[in-house]
Amino acid sequence: MSKKTLANLSASDLSGKRALVRVDFNVPLDDSGNITDDTRIRAALPTIQDLTQKGAKVILVSHFGRPKGVDDKLRLTPVAKRLSDLLGQEVVKTDDSIGDDVAAKVGALQNGQVLLLENVRFYKEEEKNDPEFAKKLAANADLYVNDAFGTAHRAHASTEGVTKYLSPSVGGYLIEKELQYLQSAIADPQRPLAAIIGGSKVSSKIGVIEALLEKCDKLIIGGGMIFTFYKARGLNVGKSLVEEDKLELAKSLEAKAKERGVDLLLPTDVVVADNFAADANSQTVSIDNIPDGWMGLDIGPDSIKVFQEALADCKTVIWNGPMGVFEFDKFAAGTEAIAHTLADISKKGAITIIGGGDSVAAVEKVGLADQMSHISTGGGASLELLEGKELPGIVALDEA
Ligand SMILES: Nc1ncnc2c1ncn2[C@@H]1O[C@H](COP(=O)(O)OP(=O)(O)OP(=O)(O)O)[C@@H](O)[C@H]1O
Ligand SMILES: O=C(O)[C@H](O)COP(=O)(O)O
C-alpha cells in the first residue's frame, strides 16, 4: 500500500516505545459468553508479536459490539484471556480505555508486554470521533498502529481521530494483507478474473457489482438476488425474494455487462421450497419453470456445473455472498459446491479471495478456510473496499 506500515519500522524505532494498536476484536460470543470464532484475534497476532519481539510496549484498543454506554456483557475480559492463551504470555486488562488507572498500568509495562484496554465504545465519544477523546487515547502512547481492518470503514476516534496526535501512524500486517488481496490483486489481476456475488438482496450489492463489472471477465450471480434479475427478464419467480423497485437496475446491470464484454452468468436451475424452513418440501426446477407458491432457496445442480466450468480456468476469483440459504442444510449444496470449486482452483495456483460476511462462514462450515488464498476479516469494510471507496482508517495513516 502507499501507506507506511509496521514493516517500515525497525527495532530501534520500536524498542521501549508505547504503541497504541487498534485491533478489531469484535468476535462472536455464544449465550454463555464464550468466544465462538477467534479468527479476528488470531489475525492480529503477527502485528502484536512483531511489536513485542521488537521491544515495544503494546497497548491494544478495540470495540466490541454496539454498546450504549458501559455494558458488562460487552467487556473485553474473555478476549484478553483468549489472546493471552494464543500469545502464551500474560495480557494486562484494564477496566477503562482512558484515565488514571490506564495511565498507571501503561506506565508499569515492561518492553514486550501487552495490555488490552476496555471496550472503547463504552464512550459515545468514540463513534463521534471526538478530538478530546482521541487526544486522551493518544496520551498514553508514542506511536499508532492500525490493524483493525474490519473497522477501517469507520471514522472513529480510535481508528481515525487518534492519528492526528500520534506519529508515526502506520498500518499493521493484517491491514497490509487485506489491501494486498482486496485491492491490489483485483486492480491488477491475473486473468481471467471472476467475481461471484450472492447473498439476499441486490440492493446491498449494487456498488460492488458495478465496481467489479469494470474489472472482471466473468460475473457469477447467485443467492436471493437472482430472482430480481429473472423477474426483470419476465420470468415467473413464485414466492421467491424479489426487490420490485430494483427491476430496472437488474436490467441495466445486465446491459452494462454486455456492453463491457463481461460474461454474466445467472443460475440455469434452482432448488425451490414450499416455505422458508429447514425442513420445507423441495424440488429442483429450471428457472423458467418455478411453480406458483414456491420460493427459490438455492442454485440447482446444472447451475453448479455451469459455474464450475466457468471458474475452472480463472486465475483470480473474488467471492462475496452465499449462493443460497446455506444456514439450512437442505439448501446449502450450491454454496458448498462453490467453496469446493474455489479450493480446487486454489490448489492449481489461482488466487481465491473470500470477501467477508456470510461466504466466510460458509467456507469455514465446510472446513475449507485454509485452502483459500485470503479470507477477509472485514464484512462492511471489505464491501466498501471492493466498491472502490476509501476507508477512513487507512486514509488517515502516514504516507509511505
Ligand atoms: N434464495 C435466497 N432467498 C432468501 N435468502 C437467501 C437466498 N440465498 C441466500 N440468502 C440469504 O442471504 C443471506 C446473506 O446475504 P447478505 O447479503 O447478508 O450476504 P453477505 O454479504 O455474505 O453477508 P454480510 O451482510 O454478513 O456481509 C444469508 O443469510 C442467506 O440465507
Ligand atoms: O463486525 C464488524 O463488521 C466490525 O467490527 C465493525 O463493526 P460495526 O459495524 O459495529 O462498526
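The values are calculated or read from the model by the stated rules, or taken from the named source; none is laboratory data. As the structure is a computational prediction, the values presented were derived from the model and not from experiment. Cβ placement follows ideal geometry from the backbone for every residue including glycine, while neighbour counts extend to all protein chains displayed.
Brief remarks follow.
Residue-by-condition table, conditions (1) assigned by the TED database to the domain that holds ARG154; (2) assigned to a helix (DSSP H, G or I); (3) surrounded by 15 or more Cβ atoms within 10 Å (Cβ to Cβ):
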{"site": "ILE41", "(1), (2), (3)": "yes, yes, yes"}
{"site": "ILE48", "(1), (2), (3)": "yes, yes, yes"}
{"site": "ILE59", "(1), (2), (3)": "yes, no, yes"}
{"site": "LYS68", "(1), (2), (3)": "yes, no, no"}
{"site": "LYS73", "(1), (2), (3)": "yes, yes, no"}
{"site": "VAL79", "(1), (2), (3)": "yes, yes, yes"}
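- Selection status of LYS218, in the same structural domain as PHE328 (by the TED database), over 28 Å from ASP292 (Cβ atoms) and without any contact (Cβ under 8 Å) to a residue 40 or more places away in the chain: no
- Residue check, ASP37 part of a loop (DSSP other than H, G, I, E, B) and within 17 Å of LEU179 (Cα to Cα): no
- Only one entry in GLY324, GLY293 is in contact with a Gly (Cβ under 8 Å, 6 or more places away or on another chain), in the same structural domain as GLY238 (by the TED database), surrounded by 23 or more Cβ atoms within 10 Å (Cβ to Cβ) and not in a strand (DSSP E or B), namely GLY324.
- Residue under evaluation SER12, criteria (1) touching a Gly at 6+ places or on another chain (Cβ under 7 Å); (2) assigned to a helix (DSSP H, G or I); (3) farther than 29 Å from LEU182 by Cα, criterion not met: (1)
- The one condition from (1) in contact with a Leu (Cβ under 7 Å, 6 or more places away or on another chain); (2) at pLDDT below 95; (3) away from ligand 1 (no atom under 16 Å from the Cβ) that SER382 does not meet is (3).
Residues are listed down the side, and each one gets a yes or a no for (1) in contact with a Gly (Cβ under 9 Å, 6 or more places away or on another chain); (2) outside the structural domain of THR52 (by the TED database); (3) among the small types (Gly, Ala, Ser); (4) surrounded by fewer than 16 Cβ atoms within 10 Å (Cβ to Cβ):
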residue	(1), (2), (3), (4)
SER84	no, no, yes, no
ASP101	no, no, no, yes
ASN111	yes, no, no, yes
LEU117	no, no, no, no
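- Scanning the stretch 328-367 for residues that are surrounded by fewer than 19 Cβ atoms within 10 Å (Cβ to Cβ), part of a loop (DSSP other than H, G, I, E, B) and modelled with pLDDT of 95 or more yields PHE328, LYS348, GLY349.
Table: residues versus (1) surrounded by fewer than 21 Cβ atoms within 10 Å (Cβ to Cβ); (2) among the hydrophobic types (A, V, I, L, M, F, W, C); (3) under 23 Å from the mean Cα position of the chain (by Cα); (4) part of a helix (DSSP H, G or I).
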{"position": "LYS205", "(1), (2), (3), (4)": "no, no, yes, yes"}
{"position": "VAL208", "(1), (2), (3), (4)": "no, yes, yes, yes"}
{"position": "ALA211", "(1), (2), (3), (4)": "yes, yes, yes, yes"}
{"position": "LYS231", "(1), (2), (3), (4)": "yes, no, no, yes"}
{"position": "LYS239", "(1), (2), (3), (4)": "yes, no, no, no"}
{"position": "LYS246", "(1), (2), (3), (4)": "yes, no, no, yes"}
{"position": "LYS251", "(1), (2), (3), (4)": "yes, no, no, yes"}
{"position": "ALA255", "(1), (2), (3), (4)": "yes, yes, no, yes"}
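- Applying the condition of being within 16 Å of ligand 2 (Cβ to nearest atom) and within 17 Å of the chain's Cα centre (by Cα) to the stretch 156-189 and asking which residue is nearest to PHE122 (Cα to Cα) yields THR159.
- Residue identified as under 19 Å from the mean Cα position of the chain (by Cα), touching a residue at least 40 places away in the same chain (Cβ under 8 Å) and closer than 28 Å to ASN8 by Cβ among GLY321, GLY379, GLY355: GLY355
- When the test is whether a residue is of a type in the set (Asp, Glu) and either within 19 Å of GLY16 (Cα to Cα) or part of a loop (DSSP other than H, G, I, E, B) (or both), ASP85 does not pass it.
- Any chance ALA134 is in the same structural domain as ASP101 (by the TED database), assigned to a helix (DSSP H, G or I) and under 15 Å from HIS63 (Cβ atoms): yes
- Every condition in (1) more than 23 Å from ASN140 (Cβ to Cβ); (2) more than 16 Å from ligand 2 (Cβ to nearest atom); (3) free of Cβ contacts under 8 Å to residues at least 40 places away in the same chain is met by PRO28 except one, and the failing one is (2).
- Taking the listed residues SER373, SER346, SER359, the one that is in the same structural domain as GLN308 (by the TED database), within 23 Å of ARG191 (Cα to Cα) and within 11 Å of ligand 1 (Cβ to nearest atom) is SER359, with no other qualifying.
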